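Derivation of every value follows stated rules applied to the coordinates shown; laboratory data play no part. Keep in mind that what you see is a predicted model, and the values were worked out from it rather than measured. All Cβ positions, glycine included, derive from the backbone under ideal geometry; neighbour counts span all protein chains shown.
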Amino acid sequence: MTSQLQHSFNKPSQKEVEAFVQAAVNGINPTVTAFLKKYPAAIDEKMNGWTALMMTAVWDQEELAKLLLDRGAETDEKCSDGRTALVLARDWQHDEVATLLAEAAKRRVDEAAARVAEEERIRVVSDPHLRRDMPVPKLFTPRKNAS
């Protein structure tokens, strides 16, 4: 995490982004890895509206798609015509990459849902007004029938 923070203020030049995306297209793993080491926060930078993950989807670069996903590439980024990397992989009939992207997207949704559920659990536990295990205060004392 510290490494990512140290580099997050470094912004790659357009030429570096182009080299990164081209390396993803051509399956040049060392170039992609070197770029991500130098600019980890720039993983979703776009060249002509396309991220490296989108290019790996179109060019059927499964190994690099996995690397990018493992490094935190966003699965919901959209290119200029509104398609995600998953849609692009399906459109180009790259089933292995599409499966990889679909699984990654599902995993991210599941993780987000788990985070929201945990935040809600913490909120309920820490707020006595929301706790269900707390006794309900009596707002009035019922009268006994005087028969």
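In table form, for the structure just shown:
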quantity	calculated
Cα centre as origin, Lys/Arg/Asp/Glu Cβ charges: the stretch 2-126 dipole, Debye	420
Rounded to whole Hz, the Karplus (6.51, -1.76, 1.60) HN-Hα couplings of the stretch 17-22, x for glycine and proline	4, 4, 5, 5, 5, 4
The stretch 2-126 - Debye-derived log10 I(q)/I(0), Cα point model, q = 0.16, 0.18 Å⁻¹	-0.77, -0.91
Lysine pairs in the stretch 2-126 with Cα atoms under 15 Å, if 8 or more residues apart or on separate chains	7
Coil-residue chymotrypsin sites (Phe, Trp or Tyr not before Pro) of the stretch 39-96, DSSP, other Cβ within 10 Å capped at 16	92
Karplus-derived HN-Hα couplings along the stretch 46-56 (A = 6.51, B = -1.76, C = 1.60, θ = phi - 60°), whole Hz, x at Gly and Pro	10, 10, 6, x, 10, 8, 4, 4, 4, 5, 5
